[in-house]
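*Asks:* To start, I am sharing the structure in question, which I have written as structure tokens.
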Amino acid sequence: MGKNLTSRAEDYSKWYNELVVKSDLAENSGVRGCMVIKPYGYAIWEKMQAQLDKMFKETGHENAYFPLFIPKSYLSKEASHVEGFAKECAVVTHYRLKNAEDGSGIVVDEDAKLEEELIVRPTSETIIWDTYRKWIQSYRDLPLKINQWANVVRWEMRTRLFLRTAEFLWQEGHTAHATREEAIEEAELMMNVYAEFVENYMGVPVIKGTKTESERFAGAEETYCIEALMQDGKALQAGTSHFLGQNFAKAFDVKFASKEGVQEHVWATSWGVSTRLMGALVMTHSDDNGLVLPPNLAPIQVVIVPIYKGMDQLDAISEKVNPLVKELRAKGITVKYDDRDTQKPGFKFNEYELKGVPVRLAVGQRDLANGTFEVARRDTLEKETVAADGIVDKIEALLKEMQANIFQKALDYRDSHITEVNSYEEFKKVLDEKGGFVSAHWDGSMETEDKIKEETKATIRCIPLNAKQEEGSCIVTGKPSSQRVLFAKAY
């Protein structure tokens, strides 16, 4: 199969869009702004989901499910929340259709108007906190740590597969605590869980930080985030965790009786990651030949391609390969033996390179005679011949090596694209010519933040948690600043 991919250097955005479609991850649907996630793409999401779900449960969270629809009045109860989401909401106004009297087709039945409009959830804080009011009575009911795997709708005008779609898949955690300190600890814990997953499984290095006031989640007192850098020098928010204070508890009157018998409002968090992580995975590692998938998340970790003429040769190869397939699967390695007779080996090599399968084995008559396999690794495209009796150990070691190598390559790129600047002129030059994260002093005002965004399209991605305190002057106003923050153009 010919790849015919636009190169990253030629047009990064076009390369990404083509790659997502040609590698069978997803495609646009008949519904404007929505996507179809194809089986190969969904298999990656399932692996992400399974690992994250395991990590959530290990930190004491349970899964539940809440309604897709939210009464409009619920959304109105927390002022900053409704203001933050009002322009993105899809609204259900009627509950029935009918055939048009003139025979022109189906129309909305005007007699079936809802008494109260329903919002298709953009996020579930409001419906969940209305529920928590019934679940929480006493300090004995706390902490309450719930996660939901769901879809949400945020009406988008400009969409891109995985990165920004009107409907997307995600998880959203919602927790309630007896004290402020406990809730902050939870928000920080989940940020760290996300960072561990994104770095150790996706192979994507991240910077942990907090958002500025203007970039915070609507209704949050603090938003913790992990920020990643894509190969085109743009940042991508890979996950967020919010300390909500008592805002939602007060809006929905969620109180508990303390040990002393005093009625108090609970303290809250929410946190989430979405199928946007699929976009981050593609954009961080892939190359002009196709996807490059980290072994920890690849649906197929090893593919074996026989090279043969006639069924006798294929039978001989299969006799050698089938026990190897069983042995690899017994070790938890996902393997595919592609013995299709409808495609030539060259087509298959191309296909699995495009799909980012980490390790490819090829075996032909010469390999049978010599007791060897040809081993190709996707990350570096290197090939070597390996003796059959050492092939399992080789594959196990290679998968670990590739996972580490993919992460290190992304880390080297990220670190070489964090640039400290001390003037606005230098700031703009780095943004235009180099890209990446720009580390600069900022005076802490929303006015300066807005001015920079308007003039350069760069936003403050985060205030890094591990940043050293360093006295300086804001690059725009010259006012005092106690530490640098990270700016970037972003998805």
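The values are calculated or read from the model by the stated rules, or taken from the named source; none is laboratory data. Every value quoted in this text rests on a predicted model; they were computed, and no experiment measured them. So basically every Cβ, Gly included, is an ideal-geometry build from the backbone, and we count neighbours across all protein chains shown. Please note that ligands, DNA and RNA were not included when accessible areas were found on the heavy atoms of the full protein model with its side chains. Shrake-Rupley method; radii C 1.70, N 1.55, O 1.52, S 1.80 Å.
*Asks:* Kindly evaluate PHE437 against the criterion of being touching a residue at least 12 places away in the same chain (Cβ under 8 Å) and under 22 Å from THR459 (Cα atoms).
*Replies:* Working: touching a residue at least 12 places away in the same chain (Cβ under 8 Å): yes; under 22 Å from THR459 (Cα atoms): yes.
In short, yes.
*Asks:* Would you mention how many residues in segment 229-240 are in a strand (DSSP E or B) and touching a residue at least 60 places away in the same chain (Cβ under 8 Å)? Before you say what the answer is, go through the steps one by one.
*Replies:* Restricting attention to segment 229-240, the residues satisfying the condition of being in a strand (DSSP E or B) are 229, 235-240.
Now drop any that are not touching a residue at least 60 places away in the same chain (Cβ under 8 Å), which leaves 229, 235-237.
Result for segment 229-240: 4.
*Asks:* Can you name the residue in segment 103-131 that is open to solvent by less than 20 Å² (accessible area, probe 1.4 Å) and in contact with a His (Cβ under 8 Å, 6 or more places away or on another chain) and is also farthest from ILE70 (Cα to Cα) among such residues?
*Replies:* Filtering segment 103-131 for residues that are open to solvent by less than 20 Å² (accessible area, probe 1.4 Å) and in contact with a His (Cβ under 8 Å, 6 or more places away or on another chain), the one farthest from ILE70 (Cα to Cα) comes out as ASP109.
*Asks:* Considering only segment 248-260, how many residues are buried (at least 20 other Cβ atoms within 10 Å of the Cβ) and closer than 20 Å to SER76 by Cα? First the steps, then the outcome.
*Replies:* Quick first cut of segment 248-260, residues buried (at least 20 other Cβ atoms within 10 Å of the Cβ) only: 248-249, 251-252, 254, 256.
Next, only the ones that are closer than 20 Å to SER76 by Cα stay: 248-249, 251-252, 254.
Within segment 248-260, residues that are buried (at least 20 other Cβ atoms within 10 Å of the Cβ) and closer than 20 Å to SER76 by Cα number 5.
*Asks:* Among LYS145, LYS134, which is surrounded by 17 or more Cβ atoms within 10 Å (Cβ to Cβ), closer than 30 Å to ASP253 by Cα, at pLDDT 95 or above and not β-branched (Val, Ile, Thr)? Walk me through it before giving the result.
*Replies:* On the way: LYS134 fails: surrounded by 17 or more Cβ atoms within 10 Å (Cβ to Cβ).
Criteria check complete, one pass: LYS145.
*Asks:* From the list ASP315, ASP341, which residue is at pLDDT below 95 and over 19 Å from the mean Cα position of the chain (by Cα)? Break it down into steps so the answer makes sense when it comes.
*Replies:* Values: ASP315 fails: at pLDDT below 95.
The match here is ASP341.
*Asks:* Then there is this: Being over 20 Å from VAL198 (Cα atoms) and of a type in the set (A, V, I, L, M, F, W, C) is the filter here; which residues of segment 25-63 pass it?
*Replies:* If the condition is that a residue be over 20 Å from VAL198 (Cα atoms) and of a type in the set (A, V, I, L, M, F, W, C), then ALA26, VAL31, CYS34, MET35, VAL36, ILE37 are the ones that fit.
*Asks:* Look through segment 347-366, keep the residues that are in contact (Cβ under 8 Å) with a residue 60 or more places away in the chain and open to solvent by 30 Å² or more (accessible area, probe 1.4 Å), and return whichever of them is nearest to the chain's Cα centre (by Cα).
*Replies:* LYS355
*Asks:* Can you tell me which of PHE217, PHE197 is among the hydrophobic types (A, V, I, L, M, F, W, C), closer than 24 Å to TRP149 by Cβ, more than 11 Å from the chain's Cα centre (by Cα) and buried (at least 22 other Cβ atoms within 10 Å of the Cβ)? Full working, then the answer.
*Replies:* Working: PHE197 fails: more than 11 Å from the chain's Cα centre (by Cα).
The unique qualifying residue is PHE217.
*Asks:* Take the conditions part of a strand (DSSP E or B), among the polar types (S, T, N, Q) and open to solvent by 50 Å² or more (accessible area, probe 1.4 Å) and apply them to THR380. Does it pass? Step through it out loud before you land on a result.
*Replies:* On the way: part of a strand (DSSP E or B): no; among the polar types (S, T, N, Q): yes; open to solvent by 50 Å² or more (accessible area, probe 1.4 Å): yes.
Criteria not met by THR380.
*Asks:* Taking strands (runs of 3 or more DSSP E) that fall entirely within segment 113-214, which contain at least 2 residues that are among the β-branched types (Val, Ile, Thr)? Spell out how you get there, then give the answer.
*Replies:* Working: elements: 113-120, 144-153, 167-177, 207-210.
Where strands (runs of 3 or more DSSP E) fall fully within segment 113-214 and carry at least 2 residues being among the β-branched types (Val, Ile, Thr), they are 113-120, 144-153, 207-210.
*Asks:* Follow-up. Kindly indicate which of GLU420, GLU396, GLU425, GLU455 is surrounded by fewer than 15 Cβ atoms within 10 Å (Cβ to Cβ), touching a residue at least 60 places away in the same chain (Cβ under 8 Å), more than 27 Å from GLY290 (Cα to Cα) and over 26 Å from the mean Cα position of the chain (by Cα). Walk me through it before giving the result.
*Replies:* On the way: GLU396 fails: more than 27 Å from GLY290 (Cα to Cα); GLU425 fails: touching a residue at least 60 places away in the same chain (Cβ under 8 Å); GLU455 fails: touching a residue at least 60 places away in the same chain (Cβ under 8 Å).
Of GLU420, GLU396, GLU425, GLU455, the one residue that is surrounded by fewer than 15 Cβ atoms within 10 Å (Cβ to Cβ), touching a residue at least 60 places away in the same chain (Cβ under 8 Å), more than 27 Å from GLY290 (Cα to Cα) and over 26 Å from the mean Cα position of the chain (by Cα) is GLU420.
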